[in-house]
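Every read-out reported here was derived from the displayed coordinates using simple, explicitly stated rules and does not represent laboratory data. The structure presented is a predicted model; accordingly, all values stated were derived computationally and were not measured. Cβ: placed from backbone, ideal geometry, glycine included. Neighbour counts: every protein chain shown.
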Amino acid sequence: MSTEPAIRIRDLRFAWGEGPPLLEIPAFDLAVRERLFLRGPSGSGKSTLLGLIAGVLEPQAGRVEVLGEDMSGLSGSKRDALRADRLGVIFQMFNLVPYLSVVQNVTLPCRFSKARREAVEGGPVAEARRLLARLGLTDEKLLARPVTELSVGQQQRVAVARALIGGPKIVIADEPTSALDADARDRFIELLNEEAARSGAALLFVSHDASLASHFDRSVDLSEINRTRAVA
């Protein structure tokens with residue numbers, strides 16, 4: 001197993017425009033295959049940190065290394081390629097494509113990434129159906145519908161299946177249980193952990209709900225690693 005962390009952050013500083021610093025993180029690591037719970041209240045900068053890790057945002061100072069690559073040192077196209085091939089992101093607002101069916105949304109990463117397309121056994125559609133079934137979505141009529149016809153909770157599970165398909169090396173989950181009731185939430189996290197372990201992915205799970213921490217290898221409060229107390 002590689003000793004190089006999946007995510008390595010050093011001397012990170014980020015602010016919106018001319019505003020005060022939102023994030024000042026001297027050091028933060030996510031180990032390969034680690035399942036880490038990052039907690040913090042709304043407005044504390046959790047989603048901003050995920051944007052920096054994914055290369056959607058750039059820091060004013062410091063380094064964000066993802067799978068050995070300095071995200072700020074990559075061109076926009078190389079950041080896009082790394083994100084498509086090696087990151088599975090569960091967005092807080094889902095970011096599903098409204099005119100595509102459930103299965104088409106899940107297989108979307110395989111259309112943009114040859115690496116993820118070739119990683120699935122039996123083809124993307126079969127793998128999409130397997131993941132959706134694990135998440136409790138098995139009705140054939142439902143799978144063929146546009147995602148806009150699904151409930152919020154069902155859409156959230158589609159977003160999770162899309163992030164997991166093709167075995168990305170890092171799965172980033174931004175408040176992925178917000179639309180689930182307590183009973184469904186714990187089972188959902190178990191499945192997410194199992195699927196991440198199956199593909200050998202590191203999992204960074206972000207939530208304001210501290211009660212979820214027991215499901216993970218390690219729990220970190222953003223305030224423990226962030227020097228600033230600025231509010232987004």
Got the relative contact order for the stretch 9-105 handy, in percent, Cα pairs under 8 Å and 6 or more residues apart?
24 percent
How would SER72, SER113 line up from fewest to most surrounding beta-carbon atoms within 10 angstrom?
SER72, SER113
In terms of the alpha carbon gyration tensor, root eigenvalues a ≥ b ≥ c, rounded if a/c is under 1.5 and otherwise prolate when a/b exceeds b/c or oblate, the stretch 125-197 is oblate
Tell me the mean residue ellipticity at 222 nm calculated for the chain from its helices only (DSSP H runs of n ≥ 4, each -39500 (n - 2.57), averaged over every residue, nearest 500).
-10000 deg cm²/dmol
HN-Hα couplings for the stretch 33-41 via Karplus (6.51, -1.76, 1.60; θ = phi - 60°), in whole Hz with x for Gly/Pro, come out as 6, 6, 10, 10, 9, 10, 10, x, x
Working out 0.36 nm times the residue gap between THR3 and ALA144, then minus their Cα-Cα distance, what length gain in nm do you get to one decimal?
46.5 nm
Rounded to two decimals, what is the ratio between the C-alpha radius of gyration of the stretch 64-168 and 2.2 N^0.38 Å?
1.11
Could you tell me the largest-minus-smallest coordinate of the C-alpha atoms of the stretch 11-140 on each of the three principal axes, in descending order and whole angstroms?
50, 30, 30
Relative contact order for the chain using alpha-carbon pairs under 8 Å, separation at least 6, rounded to a whole percent?
31 percent
What is the distance, in nm, between label points placed 7 Å from the Cα along the Cα-to-Cβ direction at THR228 and at ASP183?
4.4 nm
Cα centroids of the stretch 123-172 and the stretch 1-49: how far apart, whole angstrom?
28 Å
Using a Gaussian network model of the chain with C-alpha springs under 10 Å, which one of PRO168, PRO59, PRO98 is most mobile by mean-square fluctuation?
PRO98
Would you mind classifying the chain by shape? Square roots of the alpha carbon gyration tensor eigenvalues, ordered a ≥ b ≥ c; an a/c under 1.5 is rounded, otherwise it is prolate if a/b is larger than b/c and oblate if not.
prolate
Largest fluctuation, ASN193, ASN95, ASN105 only, Gaussian network model of the chain with Cα springs under 10 angstrom, belongs to ASN95
Nearest 0.05, what FRET efficiency do ALA126 and GLU18 give at R0 = 45 Å with Cβ-Cβ as r?
0.35
Suppose the chain between ARG198 and ASP80 were pulled fully straight at 0.36 nm per residue; how much longer would it get relative to their current alpha carbon spacing?
40.0 nm
Per-residue Cβ neighbour rank within 10 angstrom, fewest leading, THR177, THR148
THR148, THR177
Put in order of increasing Cβ neighbours within 10 Å, starting from the fewest, LYS169, LYS114, LYS141 give LYS141, LYS114, LYS169
How big is the stretch 153-232 by the Kirkwood estimate over distinct Cα pairs, in Å?
13.7 Å
If you project the alpha carbons of the stretch 1-66 onto their three principal axes, what span does each projection cover, largest first, in Å?
42, 24, 20
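On full extension of the chain, what length is gained from ASP70 through MET93, given 0.36 nm per residue of separation minus the C-alpha to C-alpha distance? Can you show the working numbers first?
Numbers: separation 23, 0.36 × 23 = 8.28 nm, distance 2.68 nm.
My answer for the length gained is 5.6 nm.
Would you mind working out the magnitude of the charge dipole of the chain relative to its Cα centre, with +1 at each Lys and Arg C-beta and -1 at each Asp and Glu C-beta, to the nearest 20 Debye?
Roughly 460 debye, rounded to the nearest 20.
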